[in-house]
1. Being among the β-branched types (Val, Ile, Thr) and either assigned to a loop (DSSP other than H, G, I, E, B) or touching a residue at least 24 places away in the same chain (Cβ under 8 Å) (or both) is the filter; apply it to region 276-296 and report the residue that is surrounded by the most Cβ atoms within 10 Å (Cβ to Cβ).
2. Would you call Phe264 in a helix (DSSP H, G or I), aromatic (Phe, Trp, Tyr) and open to solvent by 10 Å² or more (accessible area, probe 1.4 Å)?
3. Just a yes or no: is a residue in region 218-241 assigned to a loop (DSSP other than H, G, I, E, B) and aliphatic (A, V, I, L, M)?
4. I want to confirm something. Restricting to region 21-53 and keeping residues that are of a type in the set (S, T, N, Q) and either open to solvent by less than 20 Å² (accessible area, probe 1.4 Å) or under 19 Å from Gly136 (Cα atoms) (or both), which single residue is nearest to the chain's Cα centre (by Cα)?
5. Does Ala98 satisfy the condition of being at pLDDT 90 or above, surrounded by 15 or more Cβ atoms within 10 Å (Cβ to Cβ) and in a helix (DSSP H, G or I)?
6. Looking at the structure I just gave you, is Ile56 under 14 Å from Ala29 (Cβ atoms) and surrounded by 15 or more Cβ atoms within 10 Å (Cβ to Cβ)?
7. So which residues in region 220-247 are crowded, with 19+ Cβ neighbours inside 10 Å, closer than 12 Å to Ala192 by Cβ and out of contact with any His (no Cβ under 8 Å at 6 or more places or on another chain)?
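The values are calculated or read from the model by the stated rules, or taken from the named source; none is laboratory data. Just so you know, these numbers come straight off a predicted model, no measurement behind them. As a convention, Cβ positions derive from the backbone with ideal geometry for all residues, glycine included, and neighbour counts pool all protein chains shown. Only protein heavy atoms, including side chains, enter the accessible area calculation; ligands, DNA and RNA are left aside. Shrake-Rupley method; radii C 1.70, N 1.55, O 1.52, S 1.80 Å.
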Amino acid sequence: MKKLLILSALVSLYGCSAGLSEDEVREFAISHIENQIGLEEAVPGYLAGISETAKIWNNPFWRNTPRTVNFDNLDGRVFYEDSIKVTLHDVYLLGNHANVMGTIEWFVMGTNTFYRNFSGIVTKNDGQMQWERFVGVDNSAGSAGFVWPSTELEGGNRAFRDMRTAMMNLENDRALALSDSLVDADPNWATAHLGQMHYYWFERDKDNFLAAKAMAMSKLEGASRAEQHLIKSYDLDRETRLTELKSAMIHAPVDPMVRVWYAFNEPDKALARDVVQVAWDRLPQNGAVNNMMGYIYMDLEEMDKAQLHFELFMRANPDKDEFERLGVLEINTVQALLLFNIGENEVTAGELRSRGYYQGSNVSYNLKKLVDLGYGIISVVKWIGGPFALN
């Protein structure tokens, strides 16, 4: 979703001044994209380079359609990468417009997290170079290999993705609400019940869980094999869960939910890592995938790799960490990053931000939580209410 905002659209086909040069087109195309870093600092430059009539079309093989750029409430947190590299392959001048073809690579902590090929149209409006049209295809976003819903419901694909995103982020109330609405909208749709099963599983509501699963199982005839095995994987027996998720991976080999759920149940952490790595290769910005990879690497005591994945999770999903709230994991992503970054240093709460150790909220809560859990932080933090020694 973030990338739908980022390199969006291309320069106005209307009201342009004459005579673009290849040099100015190249300079604009590269600088406008490569400067989309730095969080809120990137917003003004990004907006200035997008025409008000711009349209974008990302990953058109997903059977979607071009859309107009939405300039309202642009959140600078989408520009979380450390650096971006743009390579232009072709600039074709068309009078007042230019068609630009290139490749974009995003980097966090030296790791290439996203790769996109694009083609776009640039023009000049009132002296300002701008994108008017933009088509992008991400190497991580091929739709083959995912679990797709067996429904003819209009808008069903997007609603299904929204429900599964909520499930993977453990936004369980939202997942339940979406699931309920999809069941009502298409009573014959088996995987519409996934959000219900997920919610009752985490609530430990056995009766409602079994009732929701029974309803889903009664509709399997119209479901794909991947859907059938995913539904069956919601089971009280762990070995059954693993067996069904293995079968689901045969039919949906890169689906992030299937692979994250498998890793969640797999006691062999090296195997769990390899299973989730496939999902990360396809969707390196996915919050649930990065979160799971971070905790797996912590179990494997590969802390540098764990830190990378937690950092990716926090940058792409700054407001999400439901794992600790639900009691699924002992510490949350924020607390894991604090452990990595503080180490044996002595800092104040203010210095956590100024030194770049932590850019989120609720720092006092997360530090105290680590102390209460018995983690040995050698540091002194000054709270609003007075000094508080961590030992």
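1. Applying the filter and picking the extreme gives Val289.
2. yes
3. Taking every residue of region 218-241 in turn, at least one turns out to be assigned to a loop (DSSP other than H, G, I, E, B) and aliphatic (A, V, I, L, M).
4. Gln36
5. Criteria not met by Ala98.
6. no
7. Ala223, Glu227
For every residue, the table says whether it meets (1) among the basic types (Lys, Arg); (2) part of a helix (DSSP H, G or I); (3) open to solvent by less than 40 Å² (accessible area, probe 1.4 Å); (4) closer than 29 Å to Phe71 by Cα.
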position	(1), (2), (3), (4)
Val122	no, no, yes, yes
Val137	no, no, no, yes
Arg161	yes, yes, no, yes
Met167	no, yes, yes, yes
Asp180	no, yes, no, no
His193	no, yes, yes, no
Met197	no, yes, yes, no
Arg204	yes, no, no, no
Ala211	no, yes, no, no
